[in-house]
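So the structure is just underneath, and the comments pick up after that.
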Amino acid sequence: MDGILGQTFKDFELICVDDMSTDNSLDVLRSFQDPRLCIIELPVNGEPGIAANAGLDAAHGEYVVRMDADDIAVPERIALQVAFMDAHPEIGASGGQLQLFGTEQEPWKFVLAPETCAAQLVFGVPVAQPASIMRRSVLEAHGLRYGKDWPRIGEDWLLWLQIAPHTRFANLPEVLIYYRRGEQNIAHGSDKAANFA
């Protein structure tokens, strides 16, 4: 939470969705006294898209910045992304680079230009969901949300495929997120080829 609340960009709402967590996450969220914080408590634990849709439905800002609970944002993340999106109105969703930590340490690189992002969409995600920012007007204009029946792995790719006919993607060259890798990850130990199929 400190990594988000301590961002150099201050004008945002922080929507945290708790879908029946079994640890003390909800107590931790309630311990923060910040007027920007909005907590949504879902009555059941569902697929990741259900929690994400609850956050999207509650959002009021010009942009939606995704953040996973176990990752760490660099302090300038939101400032860099808002400046980029403001300067590129043709881009509807963008991201940046990831630095892994935990059981793996290497960086995850993502292509930068809209053309290479479009090509990447054929083979996988053009934008890392944990480092993504989306233009909310694009989502609302086309009724775009996560599918309730989408699988737990690959929902980001399916969302980008829904968004792609309506806008363009791009990525910043800077590391925006420290992405935790380990046994807690949904895809840990799974067969990546089978998941893509």
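Bear in mind that the values in this text are calculations on the coordinates, not laboratory data. On a predicted model such as this, the values are computed, not experimentally measured, just so you know. All Cβ positions, even for glycine, are placed from backbone atoms using ideal geometry, and neighbour counts span all protein chains on display.
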Placed amide H near Leu37: partners under 5 Å, 5+ positions off or other chain: Leu14
Sequence-separation-based contact order of the stretch 2-196, relative, with Cα cut under 8 Å and 6+ spacing, percent: 27
Rg to Rh quotient for the chain, alpha carbon positions, Kirkwood Rh: 0.93
For the stretch 6-35 and the stretch 116-180, distance of Cα centres in Å: 23
Trypsin sites (Lys or Arg not before Pro) within the stretch 58-128, DSSP loop, no more than 13 other Cβ atoms inside 10 Å: Lys109
Residues whose placed amide H lies under 5 Å from that of Leu100, excluding near-sequence neighbours: Glu106, Trp108, Tyr179
Among Val64, His166, Cys16 the positive-end extreme of the charge dipole of the stretch 2-196 (Cβ point charges): His166
Mean ellipticity per residue at 222 nm, deg cm²/dmol - from DSSP H runs of n ≥ 4 across the chain, formula -39500 (n - 2.57): -8500 deg cm²/dmol
